[in-house]
Amino acid sequence: MPNPSAAMLVIGDEILSGRTRDANMHHLAGKLTEYGIDLKEVRVVSDDAQAIVAAVKALAGSYDHVFTSGGIGPTHDDITADCIACAFDDHIDIRKDAYDLLAAHYAASGREFNDARQRMARIPDRATLIDNPVSIAPGFTLENVHVMAGVPSVFQAMVDSVLPTLTGGAPLISRSVRINRGEGDIAGPLGELAQQHDTLSFGSYPFIENGAYGANIVIRGTDPSQLDQATRALQDLFKEAI
């Protein structure tokens, strides 16, 4: 059986403006690989309600899991929770379980649990909370969409909370071979080799070093024996250039 599929939706004007560099995609991709869930698509959308709703509907209907990051904080432009509720036609308001978590946290820290902070307790009715051991404010899962914070440390903690609850497949593993010839020289034979091992994925990543062209060929799959066989064949094919 194929591994479960996933997509990521990154939400925020600060990403699209270049003000903030996204680190969450890299982290999620590595974690999903470990769990045998194949990340197939990543989208970035602005803080625009229509764009978020449309993207959530499209991705949720195409993949087994969707992971979102950003837009669940206390400010006016944090609209992700409302958009997720809209996408799934669910009611949203301050929910007691989330409210109680936050109220206890702010009471213990001596900070005011004001209206802005209470916005982080707005959770769709049918959603399940995602634990946040870093800053308490929870994420949530609604149907196959996992809604998480954009702050990398919090996002990572939420990913660690969610992944053990999901059913993964076979972890994706890889082999890499450096070939000191340009892609134009190796493309034909490499394509034929990829066709002969059609259960594996072959990727070519070119480089220039000291004025000479080369490529790192990465073979990915879930069966170690198939990977080893394909790697040996690749090494034999280009042995004079390795």
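A few comments on the model shown:
- Its Cα centre serving as origin, the chain has a Cβ charge dipole (Lys and Arg +1, Asp and Glu -1) of approximately 400 debye.
- Isotropically averaged projected area of region 1-85, using the convex hull of Cα atoms (one quarter of hull area), nm²: 5.8
- Antiparallel DSSP beta bridges within the chain, as percent of all bridges there, nearest 5: 60
- Pairs of Cα atoms nearer than 8 Å and 6+ residues apart set the relative contact order; for region 114-242 it is 20 percent.
- Per-residue surface analysis assigns Phe113 an accessible area of about 40 Å², computed on protein heavy atoms at 1.4 Å probe radius.
- Sorted on the mean count of surrounding Cβ atoms within 10 Å across their residues, most packed first, peptides 173-180, 8-15 read 8-15, 173-180.
- Solvent accessible area, Å² - Asp100, 1.4 Å probe, full protein context: 70
- Student exercise, region 4-91 dipole from Lys, Arg, Asp, Glu Cβ charges, in Debye to nearest 20: 300
- Rounded to the nearest 20, the size of the Cβ-charge dipole of region 56-135 about its Cα centre is 120 debye, with Lys and Arg at +1 and Asp and Glu at -1.
- Stokes-Einstein diffusion of region 23-127 at 10 °C, 1.306 mPa s viscosity, Kirkwood radius from Cα pairs, rounded to a whole number: 103 µm²/s.
- Top positive-direction residue, dipole computed over the chain with Cβ charges, set Ile123, Ile15, Thr141: Ile15
- In the assembled protein chains, Asp198 presents an accessible area of approximately 120 Å² (probe radius 1.4 Å).
- Alpha-carbon Debye profile of the chain, log10 I(q)/I(0) at 0.12, 0.14 Å⁻¹: -0.76, -0.92
- List Tyr99, Tyr213, Tyr205, Tyr63, ordered by accessible area with a 1.4 Å probe, largest first: Tyr213, Tyr205, Tyr99, Tyr63
- Under 29 Å from the Cα of Lys40 - lysines, other chains or at least 8 residues apart: Lys31, Lys57
- Rounded to the nearest Hz, the phi-derived 3J(HN,Hα) couplings of region 22-30 under the Karplus curve 6.51 cos²θ - 1.76 cosθ + 1.60 (θ = phi - 60°) are 6, 10, 6, 4, 4, 5, 5, 4, x, where x marks glycine and proline.
- Inter-probe distance in nm under a simple model that places probes 7 Å from Cα toward Cβ, at Asp97 and Ser176: 4.2
- The length gained by stretching the chain between Ser62 and Arg111 to full extension, at 0.36 nm per residue less their Cα-Cα distance, is 13.4 nm.
The values are calculated or read from the model by the stated rules, or taken from the named source; none is laboratory data. Every value quoted in this text rests on a predicted model; they were computed, and no experiment measured them. Heads up, the Cβs are rebuilt from the backbone with ideal geometry, glycines too, and the neighbour counts pull from every protein chain shown. Just the protein is used for accessible areas: all its heavy atoms, side chains included, with ligands, DNA and RNA removed. Shrake-Rupley method; radii C 1.70, N 1.55, O 1.52, S 1.80 Å.
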